[in-house]
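Read the structure below first, then the notes.
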Amino acid sequence: MNKIVAIIFICVSLFAYEIEISKAEYKLFGEIVEVNAKVVQLSNQKQNIVSRLGGHLEKYFVKPGQKVYDGDKIALVKSLELAKLTAEFIYLSKQLNSAKKSLESIKKLYKKGLASKKELNDESIKVDEILAKLSAVESQLISLDIEPKKLKKPTDSLVIRAHAQGVVSKLLTPAHSNLQAMTTIAEIVKENGFYAIAYVSLKDAFNMDSNTRGELIIGGKTYLCSFEQLLPKVDEETQRARALFWIESQKEKLFLNAFGVMRLSMKPFKRYVTIKKSSLTMFKGEWVIFVPQEEDHKDKESINDVHHHKEEGHKEHLREEHNDSGVKYLPLAIKVVDSFEDNVAVLGVEPGTEYVSKGVYFVKSLLLRSELDGHGH
């Protein structure tokens, strides 16, 4: 009865849990070199937040490290210049309305022969002059992110906003400071604009090309990097060449000027059978992958010329042990040669071999459970 219940549990569990199957394939693995690297950002990846008018920096709406979007408030500045500018806009708006009414009156009188052509032209010129001044002031207000049509009275409150998405890197001017026009008050960096400079030996520098890949390791986290170019100058202090990499994976937070280790994969390249890193697990003291039970594993074992006869016997033991467990996957012992990014180069697996690439630990737990239920030796 217990055996039937266990088999039913395994079958239902396998159905409910997502098991993903992949195939082993040939891939090129380069020589792995570890070097020091530094997180940097190119100048065109930064956004300087500027107060275009002089005034008093009242407060910030953001803090360093905070993510902002286009249009988000950055700071509030009280500006006498803005007060004069908005007052002028309101005055010119009223003056324009008055001049337009006067022009309409002159037009009516002109049609009745009660006003001269010169009077009509003079009034028309007056309207055009006011309109030109008003347009110039309106353009200045729009450039300050102020909507002129919403102005009902003069204001000295200038809200400075972000013009692109990013992360606040620095607040460069203390709050409650007096500002000159065009003062930079904050710096925003684009989240996808982080790069790494790898310091490589001159010998390794000559082996770098478009196929070179990198893994930047900082604080226990790994960031995938793609090679951009070799910088023209050698670092004077270390006498090493500087290679620029774009940091592709930026889901985790990065800090400018942080140092880490860069694992480089570069020429010469060798071809290995590879599997996904997620498929590897330790099982009874060996690295294994799980393969469908229907596979003809004996043929696959015969190509593993790096395992001794004793190891081959242990593989057979692993399979026989679980043939009647009710689980449709079996452990296959392999030898790890190298790993880079999500790929692992292995010996003991033929190209095209199907294996579990997702749900490995679940399959492993089912095999262990089958042993506890009396199916192992």
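None of the figures in this text is laboratory data; all of them are computed from the coordinates on show. Everything numeric here is computed off the predicted structure, so don't read it as measured data. Because the Cβ atoms are built from the backbone with ideal geometry, glycine has one as well, and the counts that use them run over all protein chains shown.
Give the shape of region 95-248 as rounded, prolate or oblate, defined through the alpha-carbon gyration tensor: a ≥ b ≥ c are the square roots of its eigenvalues, a/c under 1.5 means rounded, and otherwise the shape is prolate if a/b is larger than b/c and oblate if not.
Judged from the Cα gyration tensor, region 95-248 comes out prolate (a/c at least 1.5, a/b above b/c).
So which of Lys73/Lys100; Lys38/Lys63; Lys108/Lys150 end up more than 30 Å apart by C-alpha? Table pairs above 30 Å Cα-Cα are Lys73/Lys100; Lys108/Lys150.
Taking a sphere under 12 Å around the Cβ of Tyr272 and counting the other residues whose Cβ falls inside, with K and R at +1 and D and E at -1, yields a net charge of +2. Converting phi to 3J(HN,Hα) with the Karplus coefficients 6.51, -1.76 and 1.60 and the offset θ = phi - 60°, region 50-62 yields 10, 8, 6, 10, x, x, 10, 6, 6, 6, 9, 9, 10 Hz in sequence order, with x at every glycine or proline.
Annotation for region 60-82 versus region 86-129: alpha-carbon center distance of 41 Å.
Residues whose amide H comes within less than 5 Å of that of Val50, counting only those at least five positions distant or on another chain, are Ile185 (H built at 1.01 Å from N in the peptide plane). Look at Glu129, Glu147 and count the other Cβ atoms within 10 Å of each Cβ; fewest to most, that gives Glu147, Glu129. Using a/c under 1.5 as the rounded threshold, could you call region 48-176 rounded, prolate or oblate? The axes a ≥ b ≥ c are square roots of the C-alpha gyration tensor eigenvalues, and prolate needs a/b larger than b/c, oblate otherwise. The shape class here is prolate. Could you tell me the center-to-center distance, by alpha carbons, between region 133-197 and region 237-292 in angstrom? First find each Cα centre; the distance between them is then 41 Å. Close amide H contacts of Phe29 (hydrogens built in the peptide plane, cut-off under 5 Å, sequence separation of 5 or more or a different chain): Lys270, Arg271, Tyr272. Placing dummy labels 7 Å off each Cα toward the beta-carbon, the span from Gln66 to Ala164 is 2.1 nm.
Evaluating 6.51 cos²θ - 1.76 cosθ + 1.60 at θ = phi - 60° for every residue in region 333-340, the Karplus couplings come out as 6, 9, 10, 7, 8, 6, 9, 7 Hz, glycine and proline recorded as x. Potential lengthening of the chain between Lys100 and Ala83 amounts to 3.5 nm, from the contour at 0.36 nm per residue minus the alpha-carbon distance. Exposure proxy for Thr222, Thr353, Thr183: other Cβ atoms within 10 Å of each Cβ, ordered fewest to most, give Thr222, Thr183, Thr353. Each of Leu151, Leu179 was scored by other Cβ atoms within 10 Å of its Cβ. Listed from fewest to most, they are Leu151, Leu179. The modelled label-to-label distance between Lys233 and Glu31, using points 7 Å beyond Cα along the C-beta direction, is 2.9 nm. Between Glu341 and Asp128, the FRET efficiency estimated from the beta carbon spacing at R0 = 45 angstrom works out to 0.10. Note down the net charge around Glu58, summing +1 for each Lys or Arg and -1 for each Asp or Glu among other residues with Cβ under 14 Å from its Cβ. Taking every Cβ under 14 Å from that of Glu58, the sum is +2.
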